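The values are calculated or read from the model by the stated rules, or taken from the named source; none is laboratory data. Nothing here was measured: the structure is a model prediction, and the numbers come from that model. FYI the Cβ positions are ideal-geometry reconstructions off the backbone, even for glycines, and counts take in every protein chain you see. We work out accessible area using only protein heavy atoms, side chains counted, and drop any ligands, DNA or RNA first. Shrake-Rupley method; radii C 1.70, N 1.55, O 1.52, S 1.80 Å.
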Amino acid sequence: MWPITAKVIYEIVTGQQNAPKILQDDLIYGICTDSRRLSPNQLFVAIKGDYYDGHSFLKSCFNHGLVCALVSKDSEHFNELNPDKKERCIVVEDITIAFRRLAKHFRQRFSFPVIGVGGSNGKTTTKELIASLLSAGQYKITKTDKSENGFLGIPITLLQEDHIAQKPPKALVLEIGIDDKGAMQQHVDISEPDIVVLTALGPEHLSGLGSWADARSEEMVLFSSSKAKKIWQLSDEFIRQEFLARVQTSTDPFLVNDIIVAQENVWNDVSEFLHEIKNLIIPRLVLWRLKEGSPFHSVIEIGNLSGLFLPFSIPLPGIHNAQNFALAFAVSKILGLSDLDIEKGFQTFSPPERRSQISVLSNNVTLYDDSYNASPLSIKTALESLNNAQWKEKNKIIILGDMLDLGGESNYWHEKIVTNLTPIQNADLCLYGKSMYDCYQLIKREHSDIEKSNNLRIFWLDRSIDPADFFSMIKSPLRDCIVLVKGSNGMKLDRVVRHLKQECQQHKLFTTGECTDET
């Protein structure tokens, strides 16, 4: 862990012992991939991305006191450096491989546990919940920043400056994302999580992962390690199937260190099956039940077979977020936190931006901002939230953008959205993007009856048009309504959110007399 010398970094990433003398004594306290945030005592990792090349900033970084950089041998910018600056560069064949090698070296020296969070939906929210609960309001917990969960994001997380030998954190919560076959195993190899969590499994990144079945199998690789303690979320159908399959086929007591997390009614069904298996060791069990649900939050009771249940109010919509909290609760228990610690930590929780964020704007407009990401499963859960008893009869504006990266199954999953729309009443449905046109056409061609029976008004815009233009197409007034905004991040539906907030703010100023014609 930090700090280490540039010489040691050289030896780790190159596998050689002949580090330049100029690197012998320089202490490095962290890494940096953004030259604008660089401190001289950091290792600058010159990453070449789609829109920039970190090597182009090498000269400027060295002029501002940089002592060491990790660079590619093929970079023309490296070859332009003065000889003394070149000596301060650790030159490698592949930046990403070298960077991950350094991160793996660090991970193997951690004195604290790593919690790996995977799954198709809800990873970021679950990561934030776990980090909050583990903090108990006082402990230092490190975590993945935003959604930096891939081949570069994972080493960035493992190598963050808070991983200091003299003052380590209590735990690291590591979000793990996959978009290609074989990726999960590579991420597990580098991060070696002590505890693993899978949120929910649904279609994701199918252009790289193949079919939905392939995507599920790839996510389940996170549970392949015999050393990691697993948290089995049995409310997810596919995780439950995998759990039961392993129970039936395994001769090892693989469940001894694991935790089962299940909604009470699901556990009642599963337990009947498990009782038929002789000599099965039932691990620790976290049971939960939904006590109260509203568009703004859920109240759940969480406990075990002893009958002691604690209530928690989850400031997020949908039963899926109640499930995510139960997973975070289980992680806290497996690490030995008391109920009081968990309650203190939960007070620090703040929902991630643009993920299931609900706010009430002026004119009684309720904004449901879920514009950061979209997949078939997450769109299904968002639409189900609209059918809450408090919202069911209210007017709604539903703006759905393309679900990107679904490969050859994109048309199928976009058309399948129609089945989730069947219960929706009193809504302006605004479909945005090329793939959402498949859904739009299917409704117009085969399901036009739901427009009349459900009082739906359906619109479509091409991605080349500003999605805020939907508001000029909609005849329904912006008052006493629910506005759901959801789509893949690449669709940039945050523009809709900004426009709506500005419109409501202007209306608020006008109606309060702060900006009228008379003033």
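Here are a few things to note about the model shown:
- The lysines within cross-link reach of Lys229, meaning a Cα-to-Cα straight distance under 16 Å and a gap of 8 or more places when in the same chain, are Lys333.
- Mean-position separation - Cα centroids, region 379-436 and region 453-493, in angstrom: 11
- Per residue accessible area of the chain, 1.4 Å probe, in Å²: 45
- Linear extension gain, Asp94 paired with Val256, 0.36 nm per residue minus alpha-carbon span: 54.2 nm
- Anisotropy class assigned to region 380-432 is prolate, per the alpha carbon gyration tensor with a/c at or over the 1.5 cut-off and a/b larger than b/c.
- Positive-end residue of Ser378, Val418, Ala389, charge dipole of region 373-452 with Cβ unit charges: Ala389
- Counting only Cβ charges, +1 for Lys and Arg and -1 for Asp and Glu, the dipole size of region 1-45 around its Cα centre is about 100 debye.
- Each of Phe62, His205, Ser488 was placed along the dipole of the chain (beta-carbon charges, centred on the mean Cα), and the one lying farthest toward the positive end is Phe62.
- Across His105, His205, the residue with the most accessible area heads the list, and the full order at a 1.4 Å probe is His205, His105.
- Solvent-accessible ranking of Glu343, Glu353, largest area first, probe 1.4 Å: Glu353, Glu343
- Dipole in debye (nearest 20) - region 289-406, about Cα centre, beta carbon charges: Lys, Arg +1; Asp, Glu -1: 180
- Surface accessible to a 1.4 Å probe, Asp236 within the full protein complex, Å²: 20
- Estimated [θ] at 222 nm from DSSP helical runs (n ≥ 4, -39500 (n - 2.57)) normalised by residues in the chain, nearest 500: -10000 deg cm²/dmol
- When you restrict to C-alpha pairs under 8 Å that are six or more residues apart and normalise by the size of region 160-235, the relative contact order lands at 32 percent.
- For the chain: rounded, prolate or oblate by the Cα gyration tensor [a/c cutoff 1.5]: oblate
- Share, in percent, of DSSP beta bridges within region 43-175 that are antiparallel, nearest 5: 5
- Dipole orientation for the chain: of the candidates Ser472, Asn454, Leu500, Leu500 has the Cα lying most toward the positive pole (charges on Cβ; Lys, Arg +1; Asp, Glu -1).
- Normalised by the number of residues in region 86-208, the mean separation of alpha-carbon contacts (under 8 Å, six or more apart) gives a relative contact order of 39 percent.
- Percent of beta bridges antiparallel (DSSP, the chain, rounded to nearest 5): 25
- The string of couplings for region 430-445 from the Karplus curve (6.51, -1.76, 1.60, θ = phi - 60°) is 10, 9, 10, x, 4, 6, 5, 5, 4, 5, 4, 5, 5, 5, 5, 7 Hz, one whole number per residue in order, with x for Gly and Pro.
- Judged by the ratio a/c of the largest to the smallest principal axis of the C-alpha gyration tensor, region 383-519 counts as prolate, that ratio being 1.5 or greater while a/b is larger than b/c.
- Region 254-407 - percent of accessible surface contributed by carbon and sulfur, probe 1.4 Å: 50
- Shown in residue order for region 466-477 are the 3J(HN,Hα) couplings computed by the Karplus curve 6.51 cos²θ - 1.76 cosθ + 1.60 at θ = phi - 60°: 4, x, 5, 5, 4, 5, 7, 8, 7, 8, 5, x Hz (x for Gly and Pro).
- Carbon and sulfur %, accessible surface of region 103-218 computed with the full protein complex present, 1.4 Å: 44
- Model label points for Glu343 and Asp50, set 7 angstrom from Cα along the Cα-to-Cβ axis, are 4.7 nm apart.
- Residue by residue, region 412-424 carries 3J(HN,Hα) couplings of 4, 6, 6, 5, 5, 4, 4, 5, 7, 8, 3, x, 6 Hz when phi is fed to the Karplus relation 6.51 cos²θ - 1.76 cosθ + 1.60 (θ = phi - 60°); x denotes Gly or Pro.
- Normalised by the number of residues in the chain, the mean separation of alpha-carbon contacts (under 8 Å, six or more apart) gives a relative contact order of 11 percent.
- Here's how it looks for Val299: its modeled amide H is under 5 Å from those of Lys291, Glu292, Gly293, Ser294, Ile314, which are all 5 or more places away or on a different chain.
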